[in-house]
Amino acid sequence: MKKTKMIKRRYEFSRLYSKGKFYFSNQLTMYLLKNNKEFNKLGIAVGRKNGKAVYRNRIKRLIKENYKNFELQIKVGYNILISVNKKCDIKNIDFYEVEKSFQELLKKSELFI
């Protein structure tokens with residue numbers, strides 16, 4: 001993730017939730033907001049109701065890896081928040097399901113170059 005910084009502050013997450021445009025897929029939800037900068041900012045949110053810490057951290061790693069794979073094909077200048085849906089079974093999800101869902105979100109939001 002060379003051109004991407006992580007979102008870590010609570011106010012940045014709440015700003016994306018309130019003012020960002022959102023897109024849904026089966027497992028993931030994406031919130032977008034322009035930041036008018038030369039880089040993207042990525043945030044990942046997984047709630048406690050989705051599972052224990054081991055599974056939450058695993059899904060975060062899967063999302064980060066998928067983002068790395070598509071990073072060069074994503075437009076620059078956006079704050080991106082990816083959250084996992086509550087009904088998603090993160091214990092049994094694999095890399096390719098996350099990839100398919102992430103790719104679907106990128107097509108819906110027209111972030112592909």
Any residue in the range 41-55 that's under 21 Å from Lys8 (Cβ atoms) and in contact (Cβ under 8 Å) with a residue 40 or more places away in the chain: show its pairings with residues that are assigned to a strand (DSSP E or B) and among the small types (Gly, Ala, Ser) at Cβ separation under 8 Å, as long as the two are six or more apart or on different chains.
Val46/Ser83
Under the condition of being free of Cβ contacts under 8 Å to residues at least 60 places away in the same chain and not in a helix (DSSP H, G or I), which residue from the range 91-113 is nearest to Gly47 (Cα to Cα)?
Lys91
Within the range 1-11, take every residue that is touching a residue at least 24 places away in the same chain (Cβ under 8 Å) and not basic (Lys, Arg) and give me the one that is farthest from Leu72 (Cα to Cα).
Ile7
Scanning the range 59-94 residue by residue, the ones that are surrounded by fewer than 16 Cβ atoms within 10 Å (Cβ to Cβ), more than 14 Å from the chain's Cα centre (by Cα) and either under 24 Å from Leu33 (Cβ atoms) or modelled with pLDDT of 95 or more (or both) total 6
Among (1) in a helix (DSSP H, G or I); (2) touching a residue at least 40 places away in the same chain (Cβ under 8 Å), there is one condition Asn66 misses while meeting the rest; what is its number?
(2)
Among the residues of the range 36-58, which ones are over 14 Å from the mean Cα position of the chain (by Cα), among the polar types (S, T, N, Q) and surrounded by 14 or more Cβ atoms within 10 Å (Cβ to Cβ)?
Asn50
Please state which of the following conditions Ser25 fails to meet, knowing it meets all the rest: (1) more than 19 Å from Ile90 (Cβ to Cβ); (2) within 12 Å of the chain's Cα centre (by Cα).
(1)
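Scan the range 69-84 residue by residue and report those that are without any contact (Cβ under 8 Å) to a residue 60 or more places away in the chain, touching a strand residue (DSSP E or B) at 6+ places or on another chain (Cβ under 7 Å) and part of a loop (DSSP other than H, G, I, E, B).
To start, the set of residues in the range 69-84 that are without any contact (Cβ under 8 Å) to a residue 60 or more places away in the chain comprises 69-70, 72-75, 77-78, 80, 82-84.
This time we only want the ones that are touching a strand residue (DSSP E or B) at 6+ places or on another chain (Cβ under 7 Å), so: 73-74, 77-78, 80, 82-84.
Result: Gly77, single match.
The values are calculated or read from the model by the stated rules, or taken from the named source; none is laboratory data. Bear in mind the structure is a predicted one, so any value in this text is a computation, not a measurement. Neighbour counts are summed over all protein chains in view; Cβ atoms, including those assigned to glycine, are modelled from backbone coordinates with ideal geometry.
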